[in-house]
Structures are given as structure tokens and as C-alpha cells.
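The values are calculated or read from the model by the stated rules, or taken from the named source; none is laboratory data. Being a predicted model, the structure only gives us computed values, none of them experimental. Backbone-built Cβ (ideal geometry, glycine too); neighbour counts: all protein chains shown. To get the accessible areas, we keep the full protein, side chains included, count just its heavy atoms, and leave off ligands, DNA and RNA. Shrake-Rupley method; radii C 1.70, N 1.55, O 1.52, S 1.80 Å.
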Amino acid sequence: QRENDEPLLHNDEAGLIAYTKSQDMEPDLAKQQPKVVDPFVWARDDGKTFAVVQTWPVEINKAFEQAFRKVENPESDPVHFEPRALSEFKTSMRKLFQLPKSGDDELKVMSVVRERKHDTPIYIGTGEHLMAMLRISKTVREELMIESLVGRKCLQCRWECEGRTGTHQWQLDLSTEFCLYLKQGWDTMACIKPKTQFDYDSHTIGRENNIINQDGACKNLPYMMDVEWFAPEAFSWTLTSAVLVWSCAIVMVLLRWYGAASGWGWVNTPVVLVIAASVAIAFALWADFSAMKWCIVPWMQTMKKFEVLGRQCSFGTFLAIHLLGTFFQVLTIQTNAWFMLTAVQENNDVVEYWQYLWENSAFGFLPNSTWETWFTPKWLAIFLWWLSTVQLTLPLLTSVPLPGTKKRCPFPTRSARDAEVLQSGEVLIKHGTRFKPELYHNHFHTIWTKVTVYVLEVWGFHSVVCTYREGVANLALASGLRYTGSMSLSYPRQQLTDIMQFHEGYTVKKKDGNLEPLPMGWELRALKEFQKLARYQLNRVFFIMFCKLALQMNLQITFFMIFHIKQKEKESDEYMNENTVMGMISITSLLLNFFSEFTDVVMITIVFCRVRSQVRKTVLQTGDSSKVFAQEDFVVEKEEGDESVQSIIHSGKDFKEEYYMAMRLWWSTILVAIFSTWLIGYALLKAVCAVKCSSGYWEFSSGCLPPMG
């Protein structure tokens, strides 16, 4: 594992230091290493084993000379200074600095030893037990200056050195026995060393205490949970909210249409909109809070803080801002439906003004019948409203499980008392059932899955399944739940950060049969996680920012201009009539929602730039190689109830294709966002200029127009 990308210094004090004991790497893992680590991992001459050299930069100065004692004849102590370790360290340096293979005189190696007593406790156990202890004991974490735990096997600690401070990441093999202690010397930080290595160069002092009991007793202990375990509970709330919010809009449209045909004048009063919007908003806020209530604990275990626009804030501020966002999202759904029917009813009264504006625009070359018959306010309003309903229909097609395809979640979300955490870190459910988080996958088939298989697959579309976390994100999009939707952006964004920071690759089956995430392929995994995030954001940008906000705002501002012109022609001083008030409320809601969506586009751009900077160099080095780049092992449950481990092999070419796919998704998002922003800007410009023009008529290509007639 490459710990950082800091350049090696080249001066009189710069040096590299390594262990005096030779080390091996498993052949399967060694064969998957990228070419960049060739100077540190290679096959030995016996053709069976692979050598691995761990080395770190060090400054050979007075402080180093005081801390270490030089050994003049290391060959006299082959137990602590293995000849093979010295030979392999020299080989590594020749490979790294591209030195000739022969000529030991050109490569000087200094053997040193350091003797120092540590008075701090040392914790010994497997990686799994040490991580369990750290999850349980806040006192131990503070004692070892450990700031956070990530996933099953990663931790981040703070280091201090001569007034400077920073962070360092460690990854533990869960089945290997380690020694964990606070290193004090040149720097102070938590140090993790394999037990075999510790026994080779160190020894313990004092009495041994058993920190973790091995009697199998269960206790109520903290545990790092996954949002996916609780997503099925939140799913029902988001689905119900999507159906009810859009039902209110559709019922309002049908009521106004039927009522107008029946001569019911009251159906066109704002009271109808207020009632429909109030019911939809009230339930959406309740559903938004209830859905997030199921997910907030595992979400916060990953996020660790609340942020708005990249700034840390309190929970109350975070909750208020996002529930306010939900309020305006749902209000926009209702006002767009109201405006659509208003445009239909007012079509005959405004079509003459509509035609005059279009004839003097850049599209004036089209025949007049275009604006009188085909491209009328009525049909354009109906089309745009129908287009905005894709915000509902697409999530229903891609996120609702088909009957018989969903599995019951083994984690008891509604009865947490039935789940207990063993002191070994495992989850034990009532009646002795063991829940294996790393093996849990709860996905299902949707209507879109079947459509792809039977119709679209021949055109190059790929069949995909949906998880409940993805379903919650899509259905939150459908009804405008910003509080729940914030998790859909921040949670995968933090997962991406952890993958890149801790180099968390795919799970691989180890010799003991257990699956464990390894650093191999973390770049590919980061790209795939970003693609999930980018696809969700692309849907938001297209269906909300473009279809629902940008196009609707242009149409509604045009209607606002026409109503303003009609008021001028009547020489009426009543500017704040019903239509004006309703139009201002609707346009303001659209504008606020646009700013909210735009900030999400900025955040996804920042994430893409970080991912690209982390993986681009590896993409260029790997190229179109057909060699194994990463291996992904996973458990498949057979119909008989048995489980088998299957593997997916990813080549360098696959990695490059995923990189370009991520770029295409980001560029698609940016281009749609830029075009939508231009449309919004044009709509606002049109509104301002129309107010300034004495006639009230304005077009971009013609400027202020004379009065019609």
C-alpha cells in the first residue's frame, strides 16, 4: 500500500529505511499489483514466493544519530539482521532508482538499531478484535490519539512532531494478529505492527490483562451500521410521499377541469391551490422527517458532522434548511400543475399577444399558424407539465420492486433489542442467527429491469438491479424530499472520500475463507461509486433543473409579461391581482429551487475533480492493458440455501472505460446545468427588460417592441 504521494527528497540528509526481516506477499495478491509497485514487489528466483519490501523516507541527521545506534557487523547477528532482507532491500533500491544490478560498492546500506522503552499500554489481538475494542472503548481511542474508524478495518489517527500535527491512516488485516500501541519518539502516534514483526524486534514488559472476554457474552455495544440496512423502512415513506404529493396535483387538475366545464367558479380560486398544496406539503414534511429518522444514525456514523454549502452547522440549522427546501419543492409541483390549467383556460385570451412576441423573435421566420395552432400557450403548458411528471414516473419505473423479487432484510430494524453485538465485533440476532454485514446485499428487480431485458438490451442498454438505498434516493427526488435527498448526496460522497483516503478496494477471499476488502482496485471502486452519484445527480439536473424549473420559468415569465401588458392596456392600477400574486409565488418558488439544485451541481463538480486527481495517473499508466487490475469476490446465495463465492476480474481496459464513463456522466451533468442556467438567466432578463419597456413587450433579438396593433 502506498501511504502517500509525497516526493522523495534528494539531499545529504535524505534516506530510506526498511525492516531487517524479509517479508512475503501472497502470490494471488502479488500478481494483481500495479506496475508502479514493481520496485517493491517481485517474484523470487524459487518461482513460488514473492518478496515485498516496506520502506519509508527518513532524515539522517543528528536526531537520527542520537536515536539509532550504528551496527558495524550486521552479518554477525543473522537472527536480527537477515542477509536476505538486506539483499532484497538493495534489489528494491536498484529497481526504484534504476541502478545497475551489479556493483555492491555503489549501493551503501547502513544497519542501525534503536533501543527505547515505551511505558504506554500495548494491545494485542487480531485485526477484527482490535477494531471491535476501538469501537467499544472511547477511552482507548483517545489514549491512542485515534480520531475515527472507517468501515471494518480502517482507522485514522493523529500524529504530532516538533509542534506539527497531521493525520495517518492504517488498514488492518482482520485475521492477522497485530500489536497496537502509542509510539513516542521522533513523532507521537498510534502504531500498528504485525505480532510476528513485533516479536522479532521488540518484547513486552509487565502484566497481561484480558481486555476482550472470549466467553461469547453479549452486550449493548456501539456498531458501525450501514444505511442500506435501514433503507427498506425509509423506502415506504418516500414511496407514499411520492404518490400522495403527485396525487394532490393530479386531483387538483381534474377538479379544476371538471369544475370549469360544469360552471363551478370556485374551483379557480386560490383556495383550491392552498388546500392541495397544504395537504401535500404537510405530508411531505412528515414523510421526509420520518424517512430520515430511520437512516440518520448510520448516516451520521459515516458523515460525523452536518454541513450546508460546505460549512459545518448545527443539526437544527441543517434540519430547518432542508425541510424548507422540501416545502418549496412540493409547492413547485402544485403551482406548476395549477399554472398548466390556468394556461389552458386563458389560452384564447393570450394567444394574440403570444403570437406577436414570437413573430418578433429570432423564430419569426416560421409561419404564423405555428403560434396560432401548434405552438400555442395551451399545448406548450400541457407538454411541459407532462414532461415534469417524468420526475415521478421514472423513479417509479426504476425504484419500485417487482412482486417476488425483494428479500426480507435479516437485520431487525423494528426490534433492535433482538440484535446484540458480540465483543468480537459480530452482530448476533435473537435465536442465534448471525448477521454478516459484509455479505449483505438487498437488491431487487424493477419494471425498468424487465423493459431493458426484453426490449432495450438489443440496443446496448444494460440491465441493472436497484438497492433500497438507491430507491430511497430516487423516490425522494420524485416528491422533492430535500432532507432525505441530502443523504443521497452526502452519504455516497463521504464513502468516496473514505475509499480514496483509505484505499478501500474490493473484497477478496483470503486463505481462511473470509472476504476482506484490500487496497487492490480502490481506484476502480471509486469510479464506480462516483458513477452512481453522478447518475443520480444527472437525473436531478435533467428532470428538475431543466424540465421542471428552467422551461417552466421561461413559460411562466412570458405569461407574467402578457398579464402585465393586459393590465397596462386596461389602464388599471390593480397590479397585484390574483394572477400576479400566483405568478410571483410560483416564479419565486422555481427560482429558490433552482439555486438549491445549482449548489448540488457545484458539489458534484468538486467531487469529480477530487476523484479525477486521484485516479487519472493510474489510468494513464494502465492504458488498455488486458492484465488483471482488480478482483472482486462476492457471495451468491443459491436456491438450496447454500452460499458460494464468485469472482469478477477487472482488467486495465475495464478501468479505463469506467474512467471515461465517469467523465461522460459529469460532462452531461455540467452541459445540462449550463444550458438550464442560461435559460433561467434569459427568463430573468426578459422579465426585467419587459418591465422597463414602456409597452411591456421585449424580445432578445428585437429589444423593446412597439405596442401591438
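To the nearest 20 debye, what is the magnitude of the charge dipole of segment 79-147 about its Cα centre, counting +1 on the Cβ of each Lys and Arg and -1 on the Cβ of each Asp and Glu?
Computed about the Cα centre, the dipole is about 140 debye.
Report the calculated FRET efficiency for Leu685 and Glu147 (r = Cβ-Cβ distance, R0 = 60 Å), to the nearest 0.05.
0.75
Specify the inter-centroid distance of segment 100-177 and segment 365-394, based on alpha-carbon positions, in whole Å.
What the calculation gives is 64 Å, centre to centre.
Before anything else, pin down the relative contact order of the chain: Cα pairs under 8 Å, at least 6 apart, normalised by residue count, whole percent.
Averaging sequence separation for qualifying contacts and normalising by length gives 11 percent for the chain.
With charges only on Cβ, +1 for K and R and -1 for D and E, what is the dipole size of segment 581-709 about its Cα centre, in debye, rounded to 20?
In total the dipole reaches around 1120 debye.
Quick one: grab the alpha carbon gyration tensor of segment 138-210, order the square roots of its eigenvalues as a ≥ b ≥ c, and give me rounded if a/c is under 1.5, else prolate or oblate depending on whether a/b is larger than b/c.
Oblate, because a/c is 1.5 or more while a/b does not exceed b/c.
Which whole-number percent is the relative contact order of segment 1-151 (Cα, under 8 Å, 6+ apart)?
About 22 percent, as a whole number.
In the neighborhood of Asp12, defined by Cβ-to-Cβ distances under 14 Å, what is the net charge if each Lys or Arg adds +1 and each Asp or Glu adds -1?
Around Asp12, the surrounding residues sum to -1.
Over all alpha-carbon pairs in segment 54-124, figure out the percentage whose distance exceeds 19 Å.
50 percent
Which value in Å does the Kirkwood hydrodynamic radius of segment 341-385 take, with 1/r averaged over all unlike C-alpha pairs and then inverted?
For segment 341-385, the Kirkwood estimate is 10.6 Å.
Expressed as an acute angle from 0 to 90° and rounded to the nearest 10, what is the orientation of the C-alpha long axis of helix 347-359 relative to the principal long axis of the chain?
70 degrees
Over segment 308-399, what is the mean sequence separation of C-alpha contacts under 8 Å (at least six apart), divided by residue count, expressed as relative contact order in percent?
This gives 30 percent for segment 308-399.
Which pairs in the list Lys548/Lys568; Lys509/Lys532; Lys293/Lys532; Lys528/Lys627 are over 27 Å apart, alpha-carbon to alpha-carbon?
Table pairs above 27 Å Cα-Cα are Lys548/Lys568.
Would you tally the net charge around Phe655, using a Cβ to Cβ cut-off of less than 11 Å, leaving Phe655 out, and scoring K and R as +1, D and E as -1?
With Lys, Arg at +1 and Asp, Glu at -1, the net is 0.
What FRET efficiency would be calculated for the residue pair Leu309, Val274, taking the C-beta separation as r and a Förster radius of 25 Å, to the nearest 0.05?
0.20
Mind checking the log10 I(q)/I(0) for the chain at q = 0.06 Å⁻¹? Debye, one equal scatterer per Cα, no solvent, two decimals.
For the chain, the Cα-only Debye profile gives -0.49.
Specify the angular offset, from 0 to 90 degrees and rounded to the nearest 10, of the alpha carbon long axis of helix 652-692 from the longest principal axis of the alpha carbons in the chain.
Roughly 30 degrees between the two axes.
Charges at C-beta only: +1 for Lys and Arg, -1 for Asp and Glu. How large is the resulting dipole of the chain about its Cα centre, in Debye rounded to 20?
Dipole about the Cα centre, nearest 20: 680 debye.
Using the basic label-point model (7 angstrom from Cα toward the beta carbon), what is the Tyr200 to Glu72 distance in nanometres?
Here the modelled spin labels are 2.7 nm apart.
Residues of segment 165-184 with amide nitrogen under 14 Å from the 7 Å Cα-to-Cβ point of Lys21?
177-180
Given the rule -39500 (n - 2.57) for each run of at least 4 DSSP H residues, summed and divided by the residues of the chain, what is its mean residue ellipticity at 222 nm, to the nearest 500 deg cm²/dmol?
That calculation yields -16500 deg cm²/dmol at 222 nm.
Relative to the longest principal axis of the C-alpha atoms of the chain, give the angle of the C-alpha long axis of helix 551-569, reported between 0 and 90° and rounded to the nearest 10°.
Rounded to the nearest ten degrees, it is 30.
Along the Cα→Cβ direction, 7 angstrom out, place labels at Thr373 and Arg164. What is the inter-label distance in nm?
It is 7.8 nm.
Tell me the per residue accessible area of the chain using a 1.4 Å probe; a whole number in Å² is fine.
53 Å²
What is the extension gain from Cys693 to Ala43, computed as 0.36 nm multiplied by their sequence separation minus the C-alpha to C-alpha distance, in nm to one decimal?
226.0 nm
Taking R0 as 25 Å, what's the FRET efficiency between Lys62 and Ala14 from their Cβ-Cβ distance, rounded to 0.05?
The value I calculate is 0.95.
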